[in-house]
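Structure, as structure tokens:
Nothing in this text is a laboratory measurement; each read-out follows from the coordinates by a stated rule. Since the structure is predicted, the reported quantities are computational estimates derived from the model, not experimental observations. Every residue, glycine as well, gets a Cβ built from its backbone with ideal geometry; the counts of neighbours run over all protein chains shown.
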Amino acid sequence: MTASDLLVACLEREGVEHVFGVPGEEMEALLFSLRDSDVTFVPTRHEQGAAFMADVHGRLTGEAGVCLATLGPGATNLLTGVADAHLDKSPVVAITAQGSLERLHQESHQAINVLGMFEPVTKWNTQLDSPKIIHESVRKAFKMAEYEKPGATHLELPEDVAAEETGMEPLPVRDPVPFAAPNPEALDRAEALLADADRPLVIAGNGAVRTRAAEPLRTLVECTDLPVVSTYMGKGAVSDADPHSLMTLDSGAEGGAASAIAEADLVLTVGYDIAEHDPADWNCDAAIVHIDSEPAEVYEAYNPEVEVVADIGRALRELIEWCRGAALAFDPDWYTALREQIVEDVDRTPSGEAPFALRDVLPLLRDAMMPEDVLISDVGSHKMAIAQNFPTYEPNTCIISNGLASMGIAVPGGLAATLAGESNVVAATGDGGFLMNAAEIETATRLDCGYTIVVFNDNDYGLISEKQLDHTGESFGTGLTNPDFPAFAESFGIDGYRPTTPDELREAFEQALGHDGMALVEVPVA
């Protein structure tokens, strides 16, 4: 076989079903190797869209998504989505083509230092400069991308190497390397702090969802009456229908969840990543117990009393056994009123015609979705509203990018989520983020994907305007003009809606989510 055949055979051995990317001249051999394989190559309309598809696939499945780009501008376009996966701890393997080795020692057409460019946003990256290293490099790329904490890796394939003959074979895929058991002394110290606490509280982060630790976390909460506040990426680790849930760090008017953190005398952080949410925003005087797969970052505002570094689910299960033996049951009265306040604040409906208040729209969207349906949120003012006011009932059903927090993820992410599962999918986006990758609607229709795109339209980069107004009393450089979004949707052959009353809004959501095809709902917001 050729080296490109070997690389694709390695992808097959890893269980890869889809590779998302934009074709290029220097990847010709690789493209034809993909054609003759069991892996489906999905040509996308932009490399950033391809990287976001791989990103969301990795986030939802725990298995590395794969994206592909050519050299030069293809690689630079891929970079944002790879960086998003890096900071969101999503497993991704990025593959880029490169010119022949014989021309890389000099200035050359489209040749840039792609390895150097990807270095800061990957766990590992390398050039496949010989067919002899491909089988090892692909296995290493997937192993490192998927190993906790997951992230992105990158492989560069020069076009002359791709065409070389080789007799190498793919390496077998082994079971993931398990984490060690929690340190008994660290657990003892955590248990002692918990025994002395009167108002302990859990902050559930990205890692609680990512490591599939939701089940033991829910059991711990149920048997102890601990309240839980989630980060944006920890939504669904504990159901927001559970009376122990105080939703997210910013949920609730007049303090809300932040008030509970301020009152707590012990905080257990479960899978908390500083890249997602600055602890200075919620920092309190309470002692902190850090439960995660890696030690805590050194940070003045986040200096845990105890660090339990282990498999998160295993650490929680050992805590559960101790809590049951210790018969811990904290009085929920200290946070019950806050819970009621948050639920009341979230439960709104539009009171008049469009443009609607964005937060008032979310209960209608939530009502139209089943608990297991998946919402992919883009970045903007709507992300803040969704994070704070969209009840989430199951893990990995509200996907928010909050590490790199890159605009443009929702439309391609909706495609990846549709391919990855059976549930209905909603891609929620603002008008700014939507048009960044709206061309991927064509990719989705070509693949016969059925999901709903909700565009919150305020003709503005609204979140930036809000911050400018808060800081200076005025805004600049944020105003936009937009096309007719329903007509734009219909040009791709999908249904388009623009509701102007609450009844029309409810009906549009129900119709869009009630059939198997794609649809777009434009929601005018103020």
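Worth a mention:
- Label point at Thr445 placed 7 Å out along Cα→Cβ; residues across the stretch 480-494 whose backbone nitrogen lies under 19 Å: 483-494
- Radius, Kirkwood style, for the stretch 256-407 when every pair of distinct Cα atoms is counted (Å): 18.1
- Relative contact order of the chain, defined on C-alpha pairs under 8 angstrom at six or more residues apart (%): 13
- Calculated P(r) tail over 25 Å for the stretch 73-200, as whole % of Cα pairs: 43
- Label-point separation, Asp503 to Thr472 (7 Å along Cα→Cβ), nm: 4.5
- Cα pair count fraction exceeding 21 Å, expressed as % - the stretch 383-479: 39
- Computing FRET efficiency as 1/(1 + (r/R0)^6) for Trp322 and Ile274, where r is the C-beta to C-beta distance and R0 is 30 Å, gives about 0.60.
- For the stretch 325-462, radius of gyration divided by Kirkwood radius, i.e. Rg to Rh on alpha-carbons: 1.05
- Gyration tensor (alpha-carbon) shape descriptor, the stretch 170-212, a/c threshold 1.5: oblate
- Spacing of the two label points (7 Å from each Cα toward its C-beta) at Ser130 and Ala262, in nm: 6.3
- In the stretch 169-316, Rg over Rh equals 0.99, where Rg is the alpha-carbon radius of gyration and Rh the Kirkwood radius from pairwise Cα distances.
- Debye equation applied to the C-alpha atoms of the stretch 1-159, log10 I(q)/I(0) at 0.16 Å⁻¹: -0.78
- Burial order of peptide ranges 84-94, 320-330 (average beta-carbon count within 10 Å, highest first): 84-94, 320-330
- Among the listed pairs Lys89/Lys140; Lys140/Lys235; Lys123/Lys149; Lys149/Lys467; Lys149/Lys383; Lys123/Lys143, those beyond 21 Å (Cα-Cα): Lys140/Lys235; Lys149/Lys467; Lys149/Lys383
- Note: the stretch 298-362, Cα convex hull, 205 Å³ per residue.
- Calculated SAXS-style log₁₀ I(q)/I(0) at q = 0.06 Å⁻¹ - the chain, Debye, Cα scatterers: -0.30
- Average Cα contact separation per residue, the stretch 87-232, under 8 Å, 6 or more apart, as relative contact order %: 25
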